[in-house]
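Step one of this worksheet: look at the structure below.
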Amino acid sequence: MSLRALCLAASLLAVQAAATARADDEVCNLDLGRGWPPATENYGSAVEGLFAAGAKPTLSMTRLPARSVESAVQLFAGDGDGDWTLRFSQADERVEVWSGGKRELRVGQQPDVQQVPMPAALARRMVADWQRALSTQVPQDRGAQFHEGEVLLFVVDDLRISGLQPACGPTSQLMDQVGLLIEATDDSDEKRIKRWRKLEEKLDELEQSLTGATG
């Protein structure tokens, strides 16, 4: 894994810890909404398409930062009961750039891609839990809002949720799982088994949080 990938995994967890701490004494207000944020779809679609490389992920979380390179975690279904594919991708150079007042989307590049097999049962469970978390915590009538800073794009099957990194509630736990997925793409087979066990524990915690949040 590249140094910047390691830094991204660490920063996701660090930002999440700090954001959660700030939210402890506050009402949980998520800056997440359904669909595409205004003026973001062309850019976001270009990044998602670059990382998907012609395939369609069942689950993805794409990071559109304000200045640095874009990245994404994606899960692709396997054949039958076979392993799924976990992929972590980073742009080699920033996709969206402005020059002379015009925007350019550099999709002709070759991103840095690392992928590993993931047990099908665990992958399916993750898809189901993410879909439940996002669909129950983000109301259907709440549209995604425009943000000038970093934006996250969550997609599970046909459900699209976009906005700022969640700092509270069950959806904030998704970011811990994203960190584990990024780390898993650079693990040895033995270490990856331990990472899957940790991910199962995180999914258990998410399900408990969802049960508490929905009664």
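Pick out which of Val27, Val69, Val113 has the largest mean-square fluctuation in a Gaussian network model of the chain, springs linking Cα atoms closer than 10 Å.
Val27
Run the numbers on the stretch 108-177 and let me know its relative contact order in percent, using alpha-carbon pairs under 8 Å that are six or more apart.
Dividing the mean separation by the residue count of the stretch 108-177 yields 26 percent.
Tell me, what is the Rg over Rh of the chain, with Rh the Kirkwood radius over Cα pairs?
On the Cα set of the chain, Rg over Rh gives 0.94.
What full-extension length gain, to one decimal in nm, is calculated for Asp186 and Gln208 as 0.36 nm per residue of separation minus the Cα-Cα distance?
Extra length available between Asp186 and Gln208 comes to 5.0 nm.
Check the straight Cα-Cα distances from Lys198 and name the aspartates and glutamates below 19 Å, setting aside those fewer than 8 residues away within the same chain.
Asp83, Asp129, Asp176, Glu183, Asp186, Asp187, Asp189, Glu190, Glu207
I want to check the label-to-label distance for Glu93 and Ala53. Put each point 7 Å from Cα in the C-beta direction and report it in nm to one decimal.
Between Glu93 and Ala53, the simple spin-label model gives 2.0 nm.
At 1.4 Å probe size, with every protein chain present, just tell me what the per residue accessible area of the chain comes to in Å². Don't skip to the end; give the middle numbers.
Details: 10470 Å² over 215 residues.
Computed with neighbouring chains in place, this is 49 Å² per residue.
Starting from 0.36 nm per residue, how many nanometres of slack lie between Ser68 and Asp31 once their C-alpha separation is accounted for?
So the chain would gain 11.2 nm between Ser68 and Asp31.
I'd like the Karplus ³J(HN,Hα) series for the stretch 98-114: coefficients 6.51, -1.76, 1.60, θ = phi - 60°, whole numbers in Hz, and an x wherever there's a Gly or Pro.
10, 9, x, x, 10, 8, 10, 10, 8, 9, x, 7, 10, x, 7, 10, 10
What size of dipole, in debye to the nearest 20, comes out for the chain about its Cα centre when the only charges are +1 on Lys and Arg C-beta atoms and -1 on Asp and Glu C-beta atoms?
Rounded to the nearest 20 debye, it is 300 debye.
In the full protein assembly as shown, how much of Val156 is accessible to a 1.4 Å probe, in Å² to the nearest 10?
Probe radius 1.4 Å; accessible area of Val156 about 0 Å².
Mind jotting down the distance between the C-alpha centroids of the stretch 30-79 and the stretch 131-155, whole Å?
12 Å
Which residues in the stretch 148-186 place their backbone N less than 20 Å from a point set 7 Å from the Cα of Asp141 along the Cα-to-Cβ direction?
What the label zone holds, given the 20 Å backbone N cut-off, is 160-162.
Relative contact order for the chain: what is it in percent, counting Cα pairs under 8 Å that are at least 6 residues apart?
This gives 29 percent for the chain.
With the chain treated as a Gaussian network of Cα nodes joined by springs under 10 Å, which of Lys198, Lys56, Lys102 yields the largest mean-square fluctuation?
Lys102
For Gln115 and Lys102 in one chain, what is 0.36 nm times their gap in residues minus the Cα-Cα distance, to one decimal in nm?
Contour length minus Cα-Cα distance gives 1.3 nm.
Using a 1.4 angstrom probe with every protein chain in place, what is the largest-first accessible-area order of Glu205, Glu48, Glu150? Show your work: numbers first, answer last.
On the way: Glu205 80, Glu48 30, Glu150 60 Å².
Order by accessible area, largest first: Glu205, Glu150, Glu48.
Helix-only mean residue ellipticity at 222 nm, the chain, DSSP H runs n ≥ 4 weighted -39,500 (n - 2.57), per residue, nearest 500. What is it?
Dividing the helical sum by the residues of the chain leaves -14000 deg cm²/dmol.
The values are calculated or read from the model by the stated rules, or taken from the named source; none is laboratory data. Since the model is a prediction, treat every value here as computed from it, not as a measurement. In this analysis, Cβ positions are derived from the backbone assuming ideal geometry, glycine residues included, and neighbour counts consider all displayed protein chains. Just so you know, the surface numbers come from the protein's heavy atoms only, side chains and all, with ligands and any DNA or RNA stripped out. Shrake-Rupley method; radii C 1.70, N 1.55, O 1.52, S 1.80 Å.
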